[in-house]
Amino acid sequence: MIKIISFKICPFVQRVTAMLEAKNVAYDVEYISLSDKPDWFLEISPTGQVPVLVTENGTVLFESDAIVEYIDDVTAPLQTDISPEQRAVNRAWSYQATKHYLVQCSTMQSADKATLDDRIRKLDASFARVEKQLGEGSFFAGEELGNVDIAWLPLLHRAAIVEKQSGYDMLAGYPKVKAWQQAVLQTGIPAKSVPADFDQKFSDFYLAERTWLGRGANLNEAPSAPAKSTGSGCCG
Ligand SMILES: N[C@@H](CCC(=O)N[C@@H](CS)C(=O)NCC(=O)O)C(=O)O
């Protein structure tokens with residue numbers, strides 16, 4: 001069986017597991033600590049990053065873009081009858097999501113509102129761009145879930161958790177993206193693509209006392225302590 005080497009709150013991993021879930025591909029997951037990477041992982045992973053997918057033949061695949069393409073190559077496509085042009089357009093819109101994963105991570109880690117307002121600008125621009133692109137259907141390309149939906153899924157899922165826990169809605173002002181978020185959540189794939197304790201792990205990291213969101217953005221609270229610099233990376 002395919003094996004995914006994972007870190008529980010990594011959005012790049014979630015894109016891969018969401019793709020596997022959407023295509024009903026069975027897989028095993030092995031979680032590692034990124035602050036104390038096991039030797040066996042460092043030996044097989046050229047970059048030391050997750051996700052890594054180990055194929056049934058034992059081949060090690062890395063880089064989420066390459067992994068998603070591999071999954072697409074060996075399984076039936078989510079959307080049928082897609083032309084090469086449409087495939088290229090879909091890749092471009094998928095890239096518009098994945099290049100913002102780290103931006104969302106750093107935005108969520110902002111220690112104060114001013115930092116968050118500054119960091120969220122790029123993410124906001126990406127939501128504005130996709131808002132213009134979305135049609136009337138439930139998903140990016142209509143009523144059929146496709147690769148673009150899967151690429152945006154980690155951003156949309158995480159925005160939903162942030163809103164639920166802190167009251168801060170990063171999709172406010174983008175009604176089509178908001179409706180898209182709900183449609184994607186309703187597929188059940190976001191929940192299936194993460195471990196059972198995901199919401200807790202995610203909140204412990206991004207919605208902790210050290211972050212403006214964690215201190216109760218919904219209450220418009222001023223920072224309870226002078227803003228300390230917080231991480232701007234992803235997952236640690
Ligand atoms: N370009 C990589 C990015 C993956 C990535 O940034 N993974 C993070 C976790 S979300 C990681 O493994 N960080 C540990 C490290 O960089 O040492 C991909 O698309 O797979």
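Only the coordinates and a few stated rules stand behind these numbers; no lab work does. Note that the structure is predicted; figures quoted are calculated from it, not measured. With ideal geometry, Cβ positions are generated from the backbone for all residues, glycine too; neighbour counts draw on all protein chains shown.
How high is the relative contact order of the chain, in percent, counting Cα pairs under 8 Å that sit 6 or more residues apart?
Rounded, it is 25 percent for the chain.
Quick check: Cα centre of segment 144-163 to Cα centre of segment 50-119, how many Å?
11 Å
Where a ≥ b ≥ c are the square roots of the eigenvalues of the C-alpha gyration tensor, would you call segment 23-115 rounded, which needs a/c under 1.5, or, failing that, prolate if a/b is larger than b/c, or oblate?
Oblate, because a/c is 1.5 or more while a/b does not exceed b/c.
Largest first and to the nearest Å, give the Cα extent of segment 103-188 along each principal axis.
39, 25, 20
Where does the chain land on Rg(C-alpha)/(2.2 N^0.38 Å)?
1.02
My understanding is that a pair violates if its Cα-Cα distance is over 22 Å; which of 122/176; 8/164; 164/201; 122/192; 8/122 do that in this structure?
Distance filter (> 22 Å) returns 122/192; 8/122.
State the answer as a single residue: which of 35, 61, 48 lies farthest towards the positive end of the charge dipole of segment 2-74, with beta carbon charges of +1 for Lys and Arg and -1 for Asp and Glu, about the Cα centre.
35
If packing is taken as the average count of other Cβ atoms within 10 Å, what order do 24-33, 146-155, 159-168 fall into, highest mean first?
My ranking of the peptides, most packed first, is 146-155, 159-168, 24-33.
Going by how many other Cβ atoms sit within 10 Å of their own, how do 5, 82 line up, fewest first? If you can, show how the numbers build up before the last one.
Working: 5 24, 82 16.
Sorted ascending by nearby Cβ count, the order is 82, 5.
Need the list of aspartates and glutamates near residue 23 for cross-linking: C-alpha distance under 19 angstrom, and skip anything on the same chain fewer than eight residues off.
Qualifying aspartates and glutamates at Cα under 19 Å: 56, 65, 69, 72, 73, 81, 143, 144, 149.
Of 120, 44, how do they rank once you tally other Cβ atoms within 10 Å and put the fewest first?
Lowest to highest Cβ neighbour count: 44, 120.
Quick one: dipole size for segment 2-74, taken about the Cα centre, charges +1 on Lys/Arg Cβ and -1 on Asp/Glu Cβ, in debye to the nearest 20.
Once rounded to the nearest 20, the dipole reads 220 debye.
Using just the helices of the chain, give the 222 nm mean residue ellipticity in deg cm²/dmol: DSSP H runs with n ≥ 4 each add -39,500 (n - 2.57), and the total is spread over all residues, rounded to 500. If you can, show how the numbers build up before the last one.
On the way: 10 runs with 118 residues, N = 236.
One gets -15500 deg cm²/dmol as the mean residue ellipticity at 222 nm.
Of 186, 140, 123, whose Cα points farthest to the positive end of the dipole of segment 84-219 (charges on the beta-carbon: +1 Lys, Arg; -1 Asp, Glu; origin at the Cα centre)?
Positive-most Cα among the choices belongs to 123.
What's the magnitude of the charge dipole for segment 84-219 around its Cα centre, counting Lys and Arg as +1 and Asp and Glu as -1 at the beta-carbon? Answer in Debye, nearest 20.
300 debye
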